[in-house]
Amino acid sequence: MKSIFDTQRNHYDRLVHFAFGLLLSYPQREILMRKARLGGAWLNILPIFTTLALSATYEMIEALIATIVDPTDAAAFLGSQGDQWDSQEDMFTALAGATVSMMVIAVLNRRAGSKGAA
């Protein structure tokens, strides 16, 4: 079992995918609220689903380009650093970022709503 302090892998990629989910979901929520006039639970769920879909689309395009550019050594081009689950972990990390963002927004909105009612 690998230690979290294992320096074999550069985890900057995971940080970027987490930030992608964290920072992209709130603007999506605002657009859904203001332009689509969406409310309720869907206002917090759809940005998470959309972020996951965008992340998956990016990973598929990345794999397709890698296969086109270098069919024999596409894994090295992708920068998966020997991790066969790199794409799935990247998508999960983006999903986690979006989920954290929407949970924080939901808690803040609930607190603001309860203070206004008192």
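The values are calculated or read from the model by the stated rules, or taken from the named source; none is laboratory data. Keep in mind the model is a prediction, meaning the values are calculated, not measured. No Cβ is skipped: glycine too gets one built from the backbone with ideal geometry, and neighbour counts run over all protein chains shown.
Just to be sure I understand the filter: pairs with C-beta atoms under 9 Å, separated by 6 or more residues or on different chains, first member in the stretch 38-50 and over 18 Å from VAL107 (Cβ atoms) and free of Cβ contacts under 8 Å to residues at least 12 places away in the same chain, second member aliphatic (A, V, I, L, M) and not in a loop (DSSP other than H, G, I, E, B). Which pairs pass?
Listed pairs, sorted by first residue: LEU38/LEU32; LEU38/LEU46; PHE49/ALA98.
How many of the residues making up the stretch 18-77 are in contact with a Ser or Thr (Cβ under 8 Å, 6 or more places away or on another chain) and either small (Gly, Ala, Ser) or over 11 Å from ALA94 (Cα atoms) (or both)?
Residues in the stretch 18-77 being in contact with a Ser or Thr (Cβ under 8 Å, 6 or more places away or on another chain) and either small (Gly, Ala, Ser) or over 11 Å from ALA94 (Cα atoms) (or both): 9 in total.
Being loosely packed, with under 13 Cβ neighbours inside 10 Å and either out of contact with any strand residue (DSSP E or B) (no Cβ under 7 Å at 6 or more places or on another chain) or hydroxyl-bearing (Ser, Thr, Tyr) (or both) is the requirement here; does PRO47 meet it?
No, not satisfied.
As an exercise: evaluate ALA94 against (1) under 16 Å from ASP13 (Cα atoms); (2) free of Cβ contacts under 8 Å to residues at least 60 places away in the same chain and give the number of the one condition it does not meet.
Only one criterion in (1) under 16 Å from ASP13 (Cα atoms); (2) free of Cβ contacts under 8 Å to residues at least 60 places away in the same chain is unmet by ALA94, namely (2).
For the stretch 88-118, enumerate the residues that are part of a helix (DSSP H, G or I) and at pLDDT below 85.
Those that are part of a helix (DSSP H, G or I) and at pLDDT below 85: ALA112, GLY113, SER114, LYS115, GLY116, ALA117.
Give just the number: which of (1) of a type in the set (A, V, I, L, M, F, W, C); (2) at pLDDT 95 or above; (3) surrounded by fewer than 17 Cβ atoms within 10 Å (Cβ to Cβ) does LEU52 not satisfy?
Exception for LEU52: condition (3).
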